[in-house]
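Report on the following structure.
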Amino acid sequence: MQPVDPLVAELIESLPTTPAVVTDERFDVIASNALARAVSPSLTAGVNLVEATFVNLSAHETLPQWNEVSVRMIELLKEAMAVPDRTGHNAERFTELRAELTLRSTDFAIAWRNGTLPSSYALDVSMDHPDVGRLDITYELLRLPDSRQLVVMGHTVPGSESEQRLFWLAAHSDMTPG
């Protein structure tokens, strides 16, 4: 797993009402804050978000708009693959991930064939959370300079039920760094 800049790790931990994670270019979570982990176990260090979307059966159950989320994940993965790295190492890792997911998920194979490059970097996710009910969160992807890492931060519409539910999760989540 790639190291996270200590200041970036401190930044995401300092956002108690914003679910935030850091991923590498393959969307492997390499750091997350307590609220992100409270929103979804998929937002935990060591989890690949593409795999969680296509292989984890609970994603189909908790994401009412799973089709839209899965299409966006494919678009973002294709965009990440289109950016060359200096070593060529990432191309191998992408090829391995794509091959593994194609074997493990028919949905992934179909989405990969049909996917295009993204027109935006926002990802709207509606989910049925087991503790608070429906959460509508928009995730923004921010590229770190001189790195292939992304900071992914979620936000809700101010004053919405989703915001109230997110605040409840924040108040009741384990604040242990992760």
For the stretch 126-141, give me each residue that is open to solvent by 40 Å² or more (accessible area, probe 1.4 Å) and under 12 Å from the mean Cα position of the chain (by Cα). Glu140
Being open to solvent by 10 Å² or more (accessible area, probe 1.4 Å) and farther than 14 Å from Ile137 by Cβ is the filter here, so list the residues in the stretch 12-26 that pass it. Glu13, Ser14, Pro16, Arg26
Odd one out for Glu163, checked against (1) open to solvent by 70 Å² or more (accessible area, probe 1.4 Å); (2) at pLDDT 90 or above; (3) part of a helix (DSSP H, G or I): (1)
Quick check, is Ala52 touching a Ser or Thr at 6+ places or on another chain (Cβ under 9 Å), at pLDDT 90 or above and either open to solvent by 40 Å² or more (accessible area, probe 1.4 Å) or closer than 23 Å to Gly133 by Cβ (or both)? yes
For the stretch 33-47, which positions are part of a helix (DSSP H, G or I), open to solvent by 30 Å² or more (accessible area, probe 1.4 Å) and not charged (D, E, K, R)? Pro41
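Limited to the stretch 60-80, what total is found for residues that are open to solvent by less than 60 Å² (accessible area, probe 1.4 Å) and over 16 Å from Ser42 (Cα atoms)?
Adding up the residues that qualify gives 8.
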What pairs come out if I take residues in the stretch 31-47 that are closer than 13 Å to Ile12 by Cβ and basic (Lys, Arg) and pair them with residues that are open to solvent by 10 Å² or more (accessible area, probe 1.4 Å) and part of a helix (DSSP H, G or I) whose C-beta lies under 8 Å away, six or more apart or interchain? Arg37/Leu43
For the stretch 93-111, pairs from a residue that is surrounded by 13 or more Cβ atoms within 10 Å (Cβ to Cβ) to a residue that is among the basic types (Lys, Arg), with Cβ under 8 Å and 6 or more apart or across chains, are Arg93/Arg26; Phe94/Arg26; Leu97/Arg26
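The values are calculated or read from the model by the stated rules, or taken from the named source; none is laboratory data. Keep in mind the model is a prediction, meaning the values are calculated, not measured. Quick reminder, even Gly has a Cβ in these numbers, built from the backbone with ideal geometry, and neighbours come from all protein chains shown. In case anyone asks, the SASA skips ligands and DNA or RNA and just uses the protein heavy atoms, side chains included. Shrake-Rupley method; radii C 1.70, N 1.55, O 1.52, S 1.80 Å.
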